[in-house]
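What follows draws every value from the coordinates through simple rules; no lab data is involved. Source: prediction; values computed, not measured. Here the Cβ is made from the backbone with ideal geometry for all residues, glycine too, and neighbour counts use every protein chain on show.
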Amino acid sequence: MKNIISFLLMTIIVVVASSCEPSKKNETTAPIEKEFPEDYVGIYKGDLNITTSNGLQSIPMEFHLASTEDVENFEYRIFYGAERSERAYNLKRTHNPNLFLVDENNGIILETAYANKTLFSTYEVMGNLLNCTEVFHDDRMEFMITMSRVQDSSQTGSAESAFVTNYPISVMQKAVLYKQPDSTLVK
């Protein structure tokens, strides 16, 4: 009887002791932070939807982001339409890890900020104000450009409240481009 009681006590102690250990199933691990642009290198394909006052037009679009021998420079190419009209740019790092330059290789360099997996840029060209966002996900990227004609702007407000200049959007280009399998292996 004494052996049975000892056995039961030992079993209870083992059960209680094992239940006090933290469960590894409940542990959460922080997601691995991706590095931009390295972790988003690849070929992305889809359709670009262009909305204007004339309606909606859709054309094929590709975005290619590729490494080069220079770790500070990446190929950044966009192809539009069935004819694959190419825009060959370079994405360059700066001293600031959240600021990049898009070099159009024709004397035009666009500053673009990176935050929350997104590139943001705003620039004016030929009387048009453009806002561009490129959101990167593991399997796709979302591309959007809105354009406003500066001449169509209007101002509201007052000296007491503040003057506000409005820029109505005249063109919106939006695409969801899907990362192609094994495209990180292709340059």
Revision key, fill the gap. In the stretch 32-182, taking the dipole from +1 charges on Lys and Arg beta carbons and -1 charges on Asp and Glu beta carbons about the Cα centre, the listed residue (ALA66, LEU129, PRO181) farthest towards the positive end is LEU129
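Using a 10 Å cut-off on Cβ atoms, rank the peptides 104-112, 89-97 from the highest mean neighbour count down.
89-97, 104-112
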Review point. Please state the Cα pair-distance histogram of the stretch 32-182 with 10 angstrom bins from zero: what percent is in each bin?
Key: 10, 36, 34, 15, 5, 0
Check your understanding: For the charge dipole of the stretch 32-182, defined by +1 on Lys and Arg C-beta atoms and -1 on Asp and Glu C-beta atoms about the Cα centroid, which residue among PRO97, THR52, TYR80 has the Cα displaced farthest towards the positive pole?
Key -> THR52
Practice item. Return the aspartates and glutamates within reach of LYS117: Cα separation strictly under 17 angstrom, same-chain partners fewer than 8 residues apart disregarded; answer none if there are no such residues. Key: GLU33, GLU35, GLU38, ASP39, GLU134, ASP138, ASP139, GLU142
Revision key, fill the gap. In debye to the nearest 20, the charge dipole size for the stretch 32-182, taken about the Cα centre with +1 at each Lys and Arg Cβ and -1 at each Asp and Glu Cβ, equals 460 debye
**Study point:** Euclidean distance between Cα centres, the stretch 115-187 to the stretch 36-95, Å
**Key:** 14 Å
